[in-house]
Amino acid sequence: MKMLTKKKKIAFICIGNSARSQIAEGYAKYFALLKNRKDLEFYSAGSHPTGYIHPLVVKVMLEDGIDISDQYSKGLEAIPYHELDFVITLCGDAAENCPYVPGAKIEHWNVPDPVSSRGSEEERLKIFRKIRDEIKKRVETLLENL
(Lines give C-alpha, C1' and ligand atoms only; values in the text may rest on other atoms or scores of the structure.)
Protein backbone atom coordinates (compact mmCIF):
# COMPACT_ATOMS: atom_id res chain seq x y z
CA MET A 1 0.00 0.00 0.00
CA LYS A 2 1.40 3.38 -1.02
CA MET A 3 1.63 5.98 1.75
CA LEU A 4 0.59 9.51 0.93
CA THR A 5 2.98 12.13 2.21
CA LYS A 6 1.89 15.67 2.90
CA LYS A 7 3.56 18.23 0.68
CA LYS A 8 5.61 20.88 2.45
CA LYS A 9 4.09 24.30 1.62
CA ILE A 10 6.52 27.21 1.33
CA ALA A 11 5.66 30.85 0.65
CA PHE A 12 7.79 33.83 -0.36
CA ILE A 13 6.29 37.10 0.89
CA CYS A 14 7.18 40.72 0.11
CA ILE A 15 5.29 43.99 -0.23
CA GLY A 16 4.06 44.17 -3.82
CA ASN A 17 4.56 40.60 -5.04
CA SER A 18 5.83 42.13 -8.29
CA ALA A 19 9.57 41.34 -8.14
CA ARG A 20 11.50 39.61 -5.32
CA SER A 21 8.90 37.07 -4.22
CA GLN A 22 8.05 36.30 -7.86
CA ILE A 23 11.73 35.61 -8.62
CA ALA A 24 11.95 33.34 -5.56
CA GLU A 25 8.79 31.44 -6.51
CA GLY A 26 10.06 31.01 -10.08
CA TYR A 27 13.43 29.62 -8.99
CA ALA A 28 11.91 27.42 -6.28
CA LYS A 29 9.55 25.77 -8.75
CA TYR A 30 12.34 25.41 -11.32
CA PHE A 31 14.86 23.84 -8.91
CA ALA A 32 12.22 21.59 -7.34
CA LEU A 33 11.35 20.30 -10.81
CA LEU A 34 15.03 19.72 -11.64
CA LYS A 35 15.59 17.85 -8.39
CA ASN A 36 12.30 15.94 -8.65
CA ARG A 37 11.12 17.40 -5.32
CA LYS A 38 7.43 16.57 -5.67
CA ASP A 39 7.13 16.87 -1.89
CA LEU A 40 7.33 20.68 -2.07
CA GLU A 41 4.74 23.31 -3.05
CA PHE A 42 5.67 26.97 -3.54
CA TYR A 43 3.71 30.21 -3.41
CA SER A 44 4.38 33.92 -3.42
CA ALA A 45 2.25 36.80 -2.21
CA GLY A 46 2.44 40.43 -1.19
CA SER A 47 1.29 42.29 1.90
CA HIS A 48 0.13 45.05 -0.51
CA PRO A 49 0.10 43.42 -3.98
CA THR A 50 0.63 45.64 -7.00
CA GLY A 51 -1.51 43.48 -9.24
CA TYR A 52 1.26 42.94 -11.81
CA ILE A 53 4.72 41.43 -12.20
CA HIS A 54 7.31 44.05 -13.11
CA PRO A 55 8.27 43.61 -16.80
CA LEU A 56 12.01 43.76 -16.01
CA VAL A 57 11.58 40.80 -13.65
CA VAL A 58 10.04 38.73 -16.43
CA LYS A 59 12.86 39.84 -18.75
CA VAL A 60 15.77 38.97 -16.40
CA MET A 61 14.21 35.62 -15.50
CA LEU A 62 13.86 34.77 -19.21
CA GLU A 63 17.55 35.63 -19.61
CA ASP A 64 18.21 32.78 -17.16
CA GLY A 65 15.85 30.43 -19.00
CA ILE A 66 12.90 30.67 -16.62
CA ASP A 67 9.52 31.88 -17.83
CA ILE A 68 7.43 33.30 -14.98
CA SER A 69 4.91 35.03 -17.24
CA ASP A 70 2.16 32.69 -16.00
CA GLN A 71 2.68 33.82 -12.38
CA TYR A 72 0.66 36.76 -11.09
CA SER A 73 0.75 39.28 -8.26
CA LYS A 74 -1.56 38.34 -5.42
CA GLY A 75 -2.31 39.05 -1.79
CA LEU A 76 -1.92 36.79 1.20
CA GLU A 77 -5.58 35.77 1.03
CA ALA A 78 -4.91 34.08 -2.35
CA ILE A 79 -2.51 31.49 -0.91
CA PRO A 80 -3.13 28.81 1.75
CA TYR A 81 -1.22 30.70 4.46
CA HIS A 82 -2.93 28.79 7.30
CA GLU A 83 -1.40 25.61 5.88
CA LEU A 84 2.15 26.89 5.32
CA ASP A 85 5.12 25.03 6.75
CA PHE A 86 7.69 27.69 5.90
CA VAL A 87 7.38 31.44 5.28
CA ILE A 88 10.24 33.44 3.79
CA THR A 89 9.93 37.21 3.86
CA LEU A 90 12.06 39.22 1.46
CA CYS A 91 11.79 42.74 2.91
CA GLY A 92 11.16 44.65 6.12
CA ASP A 93 7.51 45.38 5.42
CA ALA A 94 6.65 41.75 4.79
CA ALA A 95 8.46 40.69 7.97
CA GLU A 96 6.40 43.19 9.95
CA ASN A 97 3.09 42.60 8.14
CA CYS A 98 3.22 38.86 7.56
CA PRO A 99 0.29 37.09 9.22
CA TYR A 100 1.00 34.74 12.08
CA VAL A 101 1.09 31.18 10.79
CA PRO A 102 0.85 28.66 13.64
CA GLY A 103 3.55 26.02 13.29
CA ALA A 104 5.26 27.63 10.29
CA LYS A 105 8.97 28.27 10.33
CA ILE A 106 9.74 31.90 9.39
CA GLU A 107 12.96 33.13 7.81
CA HIS A 108 13.76 36.67 6.70
CA TRP A 109 15.85 37.52 3.65
CA ASN A 110 16.54 41.25 3.57
CA VAL A 111 16.72 41.80 -0.21
CA PRO A 112 16.63 45.32 -1.72
CA ASP A 113 13.66 46.12 -3.95
CA PRO A 114 14.84 46.45 -7.58
CA VAL A 115 11.56 48.13 -8.55
CA SER A 116 12.67 51.32 -6.78
CA SER A 117 15.88 51.52 -8.87
CA ARG A 118 16.41 54.53 -11.12
CA GLY A 119 18.37 55.18 -14.31
CA SER A 120 18.31 53.96 -17.88
CA GLU A 121 16.74 50.59 -18.66
CA GLU A 122 20.22 49.03 -18.93
CA GLU A 123 21.24 50.48 -15.53
CA ARG A 124 18.01 49.15 -14.00
CA LEU A 125 18.49 45.76 -15.65
CA LYS A 126 21.91 45.46 -13.96
CA ILE A 127 20.20 45.98 -10.58
CA PHE A 128 17.41 43.51 -11.40
CA ARG A 129 20.02 40.92 -12.47
CA LYS A 130 21.98 41.40 -9.25
CA ILE A 131 18.83 40.88 -7.15
CA ARG A 132 17.83 37.88 -9.33
CA ASP A 133 21.24 36.27 -8.81
CA GLU A 134 21.15 36.84 -5.04
CA ILE A 135 17.69 35.30 -4.74
CA LYS A 136 18.71 32.40 -7.00
CA LYS A 137 21.60 31.50 -4.66
CA ARG A 138 19.37 31.75 -1.60
CA VAL A 139 16.68 29.55 -3.16
CA GLU A 140 19.25 26.94 -4.22
CA THR A 141 20.59 26.84 -0.65
CA LEU A 142 17.06 26.63 0.75
CA LEU A 143 16.18 23.63 -1.40
CA GLU A 144 19.45 21.90 -0.51
CA ASN A 145 18.56 22.25 3.18
CA LEU A 146 14.91 21.15 3.00
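Could you check how many residues of region 32-63 are surrounded by 15 or more Cβ atoms within 10 Å (Cβ to Cβ), part of a loop (DSSP other than H, G, I, E, B) and among the charged types (D, E, K, R)?
1
Which is out of contact with any Phe, Trp or Tyr (no Cβ under 9 Å at 6 or more places or on another chain), among the aromatic types (Phe, Trp, Tyr) and within 20 Å of Arg132 (Cα to Cα), of Tyr30, Tyr52? Can you show your working first?
Working: Tyr52 fails: out of contact with any Phe, Trp or Tyr (no Cβ under 9 Å at 6 or more places or on another chain).
Every option except Tyr30 fails the conditions.
Would you check if there is a residue in region 103-111 being in a loop (DSSP other than H, G, I, E, B), modelled with pLDDT of 90 or more and either surrounded by fewer than 13 Cβ atoms within 10 Å (Cβ to Cβ) or at positive phi (or both)?
no
Please enumerate the residues belonging to region 8-17 that are surrounded by 22 or more Cβ atoms within 10 Å (Cβ to Cβ) and of a type outside the set (A, V, I, L, M).
Selection gives Phe12, Cys14, Gly16, Asn17.
Starting from region 28-54, take each residue that is among the basic types (Lys, Arg) and list its partners that are crowded, with 20+ Cβ neighbours inside 10 Å, counting only C-beta distances under 6 angstrom and pairs at least six apart or across chains.
Correct list of pairs: Lys29/Phe42.
Exactly one of (1) surrounded by fewer than 18 Cβ atoms within 10 Å (Cβ to Cβ); (2) at pLDDT below 90; (3) within 13 Å of the chain's Cα centre (by Cα); (4) not basic (Lys, Arg) is unmet by Glu140. Its number?
(2)
Has region 31-45 got any residue that is under 23 Å from Val115 (Cβ atoms) and of a type in the set (D, E, K, R)?
No, every residue in region 31-45 fails to be under 23 Å from Val115 (Cβ atoms) and of a type in the set (D, E, K, R).
Inside region 61-82, can you point out the residues that are in contact (Cβ under 8 Å) with a residue 60 or more places away in the chain and either over 11 Å from Gln22 (Cβ atoms) or touching a strand residue (DSSP E or B) at 6+ places or on another chain (Cβ under 9 Å) (or both)? Break it down stepwise before answering.
Let us first name the residues in region 61-82 that are in contact (Cβ under 8 Å) with a residue 60 or more places away in the chain, namely 61, 63-64, 76, 79-81.
Hits for region 61-82 are Glu63, Asp64, Leu76, Ile79, Pro80, Tyr81.
The values are calculated or read from the model by the stated rules, or taken from the named source; none is laboratory data. All figures in this text were calculated on a predicted structure; none of them were measured in a lab. Here Cβ is always computed from backbone atoms with ideal geometry, including for glycine, and neighbour counts include all displayed protein chains.
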